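The numbers here are math on the coordinates, done by the rules we state, and not lab data. Everything quoted here is computed from the prediction, not taken from an experiment. All Cβ positions, even for glycine, are placed from backbone atoms using ideal geometry, and neighbour counts span all protein chains on display.
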Amino acid sequence: MSSQIDHLLTENRRFAPSPEFAANAIGTAELYAQADADREAFWAEQARSLHWHTPFTEVLDWSNPPFAQWFTDGELNVAYNCLDRHVEAGNGDRVALLWEGEPGDERRITYAELTDEVKRAANVLEGLGVGHGDRVAIYMPMIPEAVAAMLAVARIGAIHSVIFGGFSADSLRSRIDDAGAKVVITADGGYRKGRVSPLKPAVDQALGDRGAGPQETVEHVLVVKRTGNEVSWDDDRDIWWHDAVPAASADHEARPFPAENPLFILYTSGTTGKPKGILHTSGGYLTQAAFTNKVVHDIHPESDVFWCTADIGWITGHSYVTYGPLANGATQVLYEGTPDTPHPGRWWELVEKYRVTILYTAPTAIRSFMKLGRAIPKKFDLSSLRLLGSVGEPINPEAWMWYRKIIGNKTAPIVDTWWQTETGAIMVSALPGVTETKPGSAQVPLPGIAIDVVDDDGNRVGNGNGGLLVITKPWPSMLRGIWGDPERFVETYWEKFQKQGYYFAGDGARLDEDGDVWFLGRVDDVMNVSGHRLSTTEIESALVGNEAVAEAAVVGASDETTGQAVVSFVIIKESYLAAHDPEGLAAQLRSWVGEQIGAIARPRDVYIVGELPKTRSGKIMRRLLRDVAEGREVGDTTTLADTAVMSIISAQVK
Ligand code: 6R9
């Protein structure tokens, strides 16, 4: 790792924006000066580009850290800001969503049409008894109704919890229970990799026999018909979207809610087995999502076609599919399927067809395209692209250069954007019209954002050194807590640098000689697979939940395409081995994890071993297992209880 970092830090290529790009860019160098002069006034100005039913008089209340309140006496309606106000400004005919299904079906939805649909859906939800502060789970494919559902929930002051459609019935159930959702909005299924991926059956399973589990909170399930697959039906509980929504009234007044009204909960992996429900509120979140989308993605709503490839099940889909672009009145592409179905040039075909000008995607996707070769994108006309973005994990300089040359025609600036579910919006990134970009570095904090790199005691490391990334001042779209667990919120993010009052992000970082930030990956037991956060503990608990497994250890091993891959080491129960043939067990355990958590968590490798390396206090030394998984010489084993264990494991793995 360290030689790799040294290699990265000798990177000296620089790419300035073209004079033409710089001249037309929305984000200018003055923004930094304005924010430096008065940070709160700067954010107040950004907030004022939204519509406030009641203007705020106070910008930030930080009297009870780490519980921040932004624009606290102001009132707004998030959905009104994303919809009605554009229609009222005369832009109702502008296309909001250029949607394409995986099989190739298309829908173009204007701001007027989307507003109408959201108003009807809001009436339906209210008719089902959903009100201010109630939770609604959304488990949907990437179809326009998914965006409409989020906005309908926001419109009535309720709280959505979007659960990625790739998650299993079990994951869905634990999230529904944690939030106490009253309604679930889903679809019969979605198209993925040329097949129907059923969703309603997973909802039925999650809401099915609950045994000794907590009492059911879900009263209704609202179902969009997308794939036409057979679904079972509970007449008292289930409602078809196409029966209820078109029949509902299209009159719905967007009532104002306080700026700190909760907007959504989004679950993300932490260092323990239990996912954290990250809580975001309204005014500050929308301010920063809209501002960053404007200045980092340089959105000109009249002329750009934006495409963020993230699923709405992740924070990137919340901030840069639903809230940022719609608050800015932009036109965007929404695509249901996978990048390689029905052919490996699918994305580039969409860029050509819709004349996409700004593409925002993840390094893992770029690396998999790189592997397939330049001939595929070269078959398409990508000349509309003028700006490229990256998010989710560090982008290695080779992938960055390929992205620039092959996709960006050697001219489009690349913005590498660092942020988290917890930060709500982009925090560290170049401004495309201002910054000279550097392949591999996320570079600088945005105007109004204060970060640093510190050692374990919270001291600044200074340029040329590595340490931990911290955020030193509150920011508008910061998480307001973990749903139902204020202690865990304080413990996870604020205790480590309590003295300084810094937010601990969990990422290692280095400052180069110019003071630019290089992200080095997580410093905790969180893995990053294809830009998705997975917890080692969560997968270990799934494995030991299988009848065959006695013990399990999971590590994230570096992988050429996915960044990190899940590699697991398991000890099988003697009793199981006595009665079963172990042949095929590794494959069974892979799919077991897929069923328990979801396909993204499925281990790349399952190694069946006789023992695990443990310290004398019984802690599994994952560092040593990572060495094995990455095919390296095994590191220092002197603190192991039994130093012979590693050579046995290495032999078993080979
Ligand atoms: C937006 C998102 C957050 C974690 C974060 C970090 C990693 C995200 C990155 C990056 C290096 C970037 N990460 N963007 N690392 N460079 N540009 O991905 O949120 O799913 O919560 O993941 O992802 O490790 O801590 P989330």
Q. Going by average Cβ neighbours within 10 Å, how do the peptides 92-105, 232-245, 391-404 rank, with the highest at the top?
A. 391-404, 92-105, 232-245
Q. In whole Å and largest first, what semi-axes does the C-alpha gyration tensor of segment 244-316 yield when each eigenvalue is scaled by 5 and square-rooted?
A. 25, 22, 16
(Q) Quick check: net charge around Phe42, other residues with Cβ under 13 Å of its Cβ, Lys/Arg +1 and Asp/Glu -1? (A) -2
Q | Residue-by-residue Karplus 3J(HN,Hα) for segment 191-207, coefficients 6.51, -1.76, 1.60, Hz, glycine and proline x | A | 9, 9, 6, x, 10, 7, 9, x, 10, 4, x, 5, 5, 4, 5, 5, 8
Q. For segment 354-512, taking Cα atoms only, what is the radius of gyration to one decimal and the Dmax to the nearest whole Å?
A. 17.9, 56
Q.
If you scale each eigenvalue of the Cα gyration tensor by 5 and take the root, what three semi-axes come out for the chain, rounded to whole angstrom and sorted largest first?
A. 36, 32, 25
**Q.** segment 279-417 - Kirkwood radius from inverse mean 1/r over Cα pairs (Å)
**A.** 15.2 Å
Q) Using the Cβ atoms and a cut-off under 14 Å, what net charge is assigned to the surroundings of Glu58, where Lys and Arg are +1 and Asp and Glu are -1? A) -4
Q) Any idea what log10 I(q)/I(0) is at q = 0.09, 0.11, 0.18 Å⁻¹ for segment 530-653, Debye with uniform C-alpha scatterers and no solvent? A) -0.24, -0.36, -0.96
Q: Counting other Cβ atoms within 10 Å, keep those with at most 16, restrict to DSSP loop, and tell me which GluC sites (Glu not before Pro) in segment 580-645 are left.
A: Glu583, Glu611, Glu630, Glu633
Q) If the cut-off is a Cα-Cα distance under 27 Å, which lysines reach Lys276, setting aside same-chain residues fewer than 8 apart in sequence? A) Lys182, Lys200, Lys473, Lys496, Lys499, Lys619
Q. Going through segment 495-552, which GluC sites (Glu not before Pro) have at most 14 other Cβ atoms within 10 Å and a DSSP loop state?
A. Glu495, Glu513, Glu547
Q. What does the convex hull of the alpha-carbon atoms of segment 309-383 project to on average, in nm²?
A. 5.1 nm²
Q. Rounded to a whole number, what is D in µm²/s for segment 9-90 from Stokes-Einstein with the Kirkwood radius over alpha-carbon pairs (37 °C, 0.692 mPa s)?
A. 204 µm²/s
Q) Taking the convex hull of the alpha carbon atoms in segment 451-521, what volume per residue do you get, in Å³? A) 89 Å³
Q.
I'd like the antiparallel share, as a percent to the nearest 5, of DSSP beta bridges with both residues in segment 385-504.
A. 70 percent
Q: Calculate, in nm to one decimal, what Ser303 and Asn91 gain on full extension: separation in residues at 0.36 nm each, minus their alpha carbon distance.
A: 75.0 nm
Q: Output ³J(HN,Hα) for segment 42-50: one whole-Hz value per residue in order, computed from phi by the Karplus curve 6.51 cos²θ - 1.76 cosθ + 1.60 with θ = phi - 60°, and x for Gly and Pro.
A: 4, 5, 4, 5, 5, 4, 6, 7, 8
(Q) Under the rule of at least 5 residues apart or a separate chain, name every residue whose amide H is placed under 5 Å from the amide H of Lys473. (A) Ala450
(Q) Give me a comma-separated list of calculated 3J(HN,Hα) values for segment 89-100, in order, Karplus coefficients 6.51, -1.76, 1.60 applied at θ = phi - 60°, integers in Hz, x for any Gly or Pro. (A) 7, x, 9, x, 7, 5, 6, 8, 10, 9, 9, 9
